[in-house]
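Below is one structure, written out as structure tokens; the observations come after it.
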Amino acid sequence: MRSLKSLLFTLLCTVVILGLGYLGIVERGRQILSSESVPERAEYEDVGSNIFYGKIEDNIEIFPWNYYSETDDTIQGIIPTFMEEEIFLNQYVTEKTFAIKDADSMDMGDTELNETYYYFPEQYLNAADSYFGELIAYETEVGTEEVSAWFQKEGNHILENIIVAENTPVGMIFFYQDILQLRGKKYQVRIACSNWNVINFICVEYDTQDKRERTEWKAGKEKMVEVLEHSEESLSAYFSFMSKLNDLGAPSVYFVDYEYANAYLYGFRWLGNIMLGREEDDELSMEIEKWLLEWQNIYPEKTESGIAKDEDVAYSVNYSYQVVELKDMILILVQGDAAMGLYFDPINQKFCGYNFFYEF
């Protein structure tokens, strides 16, 4: 009898621990969804799955889109600061014009020091279209030239259609959303940027109907859960990589050998490899290792303790996932050392976006 009571007591304790852990994860997910704050990582006994399920009303917007308003002005001439940087523009601008700073007062012997590049307005427009066009092309499996052609249509440039929310806890947020038509299909594209980073990007096949009732949805969801359960180390490495991009404000990366790269395109390629089971992509791994080394040289004050060196790179796998089914995609709230969101398209069985959450 005593052993039976002991067994029942042990089972009761286990249920309580699991219940408290579940409630802790769900509550922190609720806080993120309601944009109250980004909570600290939940401490719970790892005695079962780290995948939890939650619900959200279809009309609720999460950060940063809870600050979007169609009544806000489209402010001409104001663009995210990172889009004005040479590290961004030089990826896409091949022809540049020299301008002279303070020509009247300069010593002619210092001409080289006083030269600066001048970019034409249309070059800013095309650079933004090209940068996000690379992400859209990867997600839609359409050539970048075809995506660029869509933006070249009159009135379709991203920077000509941004909405700016000026008074938010994280400063200005620049919003863009549209329905792109490519090869007979429609894609919903949503972009949100701060002055120094791309906070949110989504590109998913557009359908006005609720996709959750389709038979492909269940199969895609099962595939997603399988990936979350069996690719913990690879996903943890990906989250660490994305967190560093976010911390450094590095939507573009420049190497000393004059190479430029779209940082978040590499993030989507990484997720694509995980979905296909090609988690050891030698080329991609070498590129990312190169980035880590380069960041140590360029940002020593930021990476001294934040990025390990070479073989010392190690990733925490203490992440939990809260799965929230929206009507056209699945939101995966990732909670661990940092909090971020991933969007998954179960119909096409692919990751289709990401979302950073800021603490304020």
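Taking the conditions exactly as written (in a helix (DSSP H, G or I), under 26 Å from ALA165 (Cβ atoms) and open to solvent by less than 10 Å² (accessible area, probe 1.4 Å)), does MET224 satisfy them or not?
No: the conditions fail for MET224.
When only residues in region 184-215 that are polar (S, T, N, Q) and either assigned to a loop (DSSP other than H, G, I, E, B) or free of Cβ contacts under 8 Å to residues at least 40 places away in the same chain (or both) count, which is nearest to PHE174 (Cα to Cα)?
Here the answer is SER194.
Kindly list the number of the only condition in (1) under 15 Å from the mean Cα position of the chain (by Cα); (2) closer than 19 Å to GLY353 by Cα that fails for LEU248.
Here LEU248 meets the rest and fails (2).
Let's see how each residue does on (1) modelled with pLDDT of 90 or more; (2) at negative phi:
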site	(1), (2)
MET108	no, yes
TYR124	no, yes
GLY171	no, no
GLN188	yes, yes
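In region 148-169, what count of residues is obtained for those that are in contact with a helix residue (DSSP H, G or I) (Cβ under 7 Å, 6 or more places away or on another chain) and either assigned to a loop (DSSP other than H, G, I, E, B) or at pLDDT 95 or above (or both)?
Residues in region 148-169 being in contact with a helix residue (DSSP H, G or I) (Cβ under 7 Å, 6 or more places away or on another chain) and either assigned to a loop (DSSP other than H, G, I, E, B) or at pLDDT 95 or above (or both): 3 in total.
Might you let me know whether region 180-191 holds any residue that is under 23 Å from the mean Cα position of the chain (by Cα), basic (Lys, Arg) and surrounded by fewer than 15 Cβ atoms within 10 Å (Cβ to Cβ)?
yes
State which residue pairs qualify: first residue at pLDDT 70 or above and inside region 49-76, second residue small (Gly, Ala, Ser) in any location, beta carbons under 6 Å apart, and separation of 6 or more residues or different chains.
Once the first residue is at pLDDT 70 or above and sits in region 49-76, its partners that are small (Gly, Ala, Ser) give ASN50/SER320; GLY54/GLY29; PHE63/SER35; PRO64/ALA192; ASN66/SER35; TYR67/ALA165.
Here's a check for you: in region 334-349, which residue that is among the hydrophobic types (A, V, I, L, M, F, W, C) and either farther than 15 Å from GLN188 by Cα or open to solvent by 10 Å² or more (accessible area, probe 1.4 Å) (or both) is modelled with the lowest pLDDT? Walk me through it before giving the result.
Initially, region 334-349 is screened for residues among the hydrophobic types (A, V, I, L, M, F, W, C), giving 334, 338-340, 342, 344, 347.
Among the residues that remain, those that are also either farther than 15 Å from GLN188 by Cα or open to solvent by 10 Å² or more (accessible area, probe 1.4 Å) (or both) are: 334, 338-340, 342, 347.
On the way: VAL334: 89, ALA338: 72, ALA339: 82, MET340: 91, LEU342: 96, ILE347: 95.
Step by step, filter region 334-349, then rank; the result is ALA338.
Counting only residues that are under 13 Å from PRO64 (Cβ atoms) and not hydrophobic (A, V, I, L, M, F, W, C), how many does region 168-192 have?
The qualifying residues number 6.
The values are calculated or read from the model by the stated rules, or taken from the named source; none is laboratory data. Only a predicted model underlies this, so the values are computations on that prediction, with no experimental measurement involved. No Cβ is skipped: glycine too gets one built from the backbone with ideal geometry, and neighbour counts run over all protein chains shown. Ligands, DNA and RNA are excluded from the accessible area calculation, which covers all protein heavy atoms including side chains. Shrake-Rupley method; radii C 1.70, N 1.55, O 1.52, S 1.80 Å.
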